[in-house]
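Below is one structure, written out as structure tokens; the observations come after it.
Every number in this text was worked out from the coordinates using simple rules, so none of it is lab data. Quantities reported herein were computed from a predicted structural model and do not represent experimental measurements. Ideal geometry is used to build each Cβ from the backbone, glycine not excepted, and the neighbour counts take in all protein chains shown.
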Amino acid sequence: MNDANPIFKNLPDSLPISPLAILITVTLLVGATMSFYTIPAESEGIVLRFGEYIEKVPSGLHAKLPFGVDSVITVPTQRQQKLEFGFATAGFTNPDQIGDEPALEKSMVTGDLNSALVEWIVQYRITDPEKYLFDVRDPGLTLRDISEAVMREVVGDRTVDEIITIGRQEIEETVLARARLLAERYQLGVSINQVQLKNVNPPEPVQPSFNEVNRAQQDRENVINLANGEYNKAVPRARGEADQKIRAAEGYRFKRINEAEGDVTAFNQVLEQYLKAPDVTRARIYLETMGEVLPQARQQIIVDDTVQQILPMLPFPDQTAGVVK
């Protein structure tokens, strides 16, 4: 071709590639690769330029200046995270979720100077990435320290029976309120959503004895419940019987009053007739009374008041039962 065209006669067959051009090309390719990044779902990105905060970007594909000029920190702001105290769950992704010494975290002293093993969970969410990253050093560790300090304070104000039995919900609510207040005061940029007690047990050497005490308390509660049941059955029955007797007594009272009032009315009527004719009324009363009394007697002997001895006048067994004279 060079022989055919005199213009290209002095040109070489192939042009040499400059190392500088190769370096520039590679730099451009690497820069283009480093200029794009992706923020995953449930997260936000904090963009730093030479270590200084520039902006906050949502999830998705974004561009930045390459070669370390811009750096991006991904913060899971929409993800519910948790801290575990006194135990460890396998497969965790949050580096602050597990403490260094779980055995020491769960060992606490109660208000009545007893020892208890308390395991609990704190669930939280990062709401302000700027405060979480730049206002406090080691915010996850700080949140762990706050939660542990508040839990020890609350447990130290209560007895071991309250912690293990009836006071669990009240402890959770108290710790949650105090931890939220401290997190806001320290400007951690997090929102504490829940505090949950997992296991609360006495120390292992005394756990069998404590279980025996619990069983005894449960038996006591069962006996009390049975007694209350019997009480609830017996007392209404007794009250019903008492009301029945009271009503019967009131009925008898009204009956006696009515009978007495009737007797008074009858007596007044007899008295009225007696006042009009005393002899006739007296004789009538006598005859009516004798008419009621004599039929009830088995043997009647009526004699004159001049008779001195009644024995000669008594009949033999085969004779009549009564003698009237």
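Lysine pairs in the chain with Cα distance under 14 Å, only those 8 or more apart or on different chains: how many are there?
Qualifying lysine pairs in the chain: 4.
With a ≥ b ≥ c the root eigenvalues of the C-alpha gyration tensor of the stretch 157-246, is it rounded (a/c under 1.5), prolate (a/b larger than b/c) or oblate?
Judged from the Cα gyration tensor, the stretch 157-246 comes out oblate (a/c at least 1.5, b/c at or above a/b).
If each DSSP helix of 4+ residues adds -39,500 (n - 2.57) and the sum is divided by the residues in the chain, what number results at 222 nm, nearest 500 deg cm²/dmol? All intermediate terms of the calculation are to be shown ahead of the outcome.
Working: 7 runs with 148 residues, N = 325.
Per the formula, -16000 deg cm²/dmol.
What are the extents of the Cα atoms of the stretch 81-202 along their three principal axes, in Å, largest first?
43, 30, 19
Quick one: 3J(HN,Hα) in Hz for the stretch 29-44, Karplus 6.51/-1.76/1.60 with θ = phi - 60°, rounded, Gly and Pro as x.
Running phi through 6.51 cos²θ - 1.76 cosθ + 1.60 with θ = phi - 60° gives 5, 5, x, 5, 5, 7, 8, 10, 8, 10, 9, x, 5, 6, 9, 10 Hz.
Please list, by residue number, every one of the trypsin sites (Lys or Arg not before Pro) in the stretch 28-82 that is coil in DSSP and has at most 16 other beta-carbon atoms within 10 Å.
Within the stretch 28-82, the qualifying trypsin sites (Lys or Arg not before Pro) (loop, at most 16 other Cβ atoms within 10 Å) are ARG79.
Which peptide among 214-222, 143-151 comes first, and what is the full order, when sorted by highest mean count of other Cβ atoms within 10 Å?
143-151, 214-222
Taking the structure as given and computing Rg/Rh (Cα atoms, Kirkwood Rh), which label from (i) 0.93; (ii) 1.04; (iii) 1.71 fits?
Working out Rg/Rh (Cα atoms, Kirkwood Rh) from the coordinates points to (iii).
Report the charge-dipole magnitude of the chain in Debye, nearest 20, computed about the Cα centre from +1 at each Lys and Arg Cβ and -1 at each Asp and Glu Cβ.
Computed about the Cα centre, the dipole is about 720 debye.
Residue by residue through the stretch 202-208, what is 3J(HN,Hα) from phi via Karplus (6.51 cos²θ - 1.76 cosθ + 1.60, θ = phi - 60°)? Round to whole Hz and write x for glycine and proline.
Rounded to whole hertz, the list is x, x, 4, x, 9, 5, x.
For a quick check, take a GNM of the chain with Cα springs below 10 Å and name the residue from ALA63, ALA248, ALA32 with the largest mean-square fluctuation.
So, out of ALA63, ALA248, ALA32, the one fluctuating most is ALA248.
Would you tally the net charge around ILE192, using a Cβ to Cβ cut-off of less than 13 Å, leaving ILE192 out, and scoring K and R as +1, D and E as -1?
Spelling it out: positives minus negatives among the neighbours equals +3.
Scan around ASN193 for amide H atoms under 5 Å from its own, H built in the peptide plane at 1.01 Å from N, and keep only partners 5 or more places away or cross-chain.
Under 5 Å from the amide H of ASN193: GLN123, TYR124, ARG125.
Could you run the Karplus curve 6.51 cos²θ - 1.76 cosθ + 1.60 with θ = phi - 60° over the stretch 66-71 and give me ³J(HN,Hα) per residue in whole Hz, x for Gly and Pro?
Each residue of the stretch 66-71 in turn: x, 6, x, 5, 10, 10 Hz.
Long-range amide H contacts for GLN97: which residues qualify at under 5 Å (H placed 1.01 Å from N, peptide plane, sequence gap of 5 or more or a different chain)?
none
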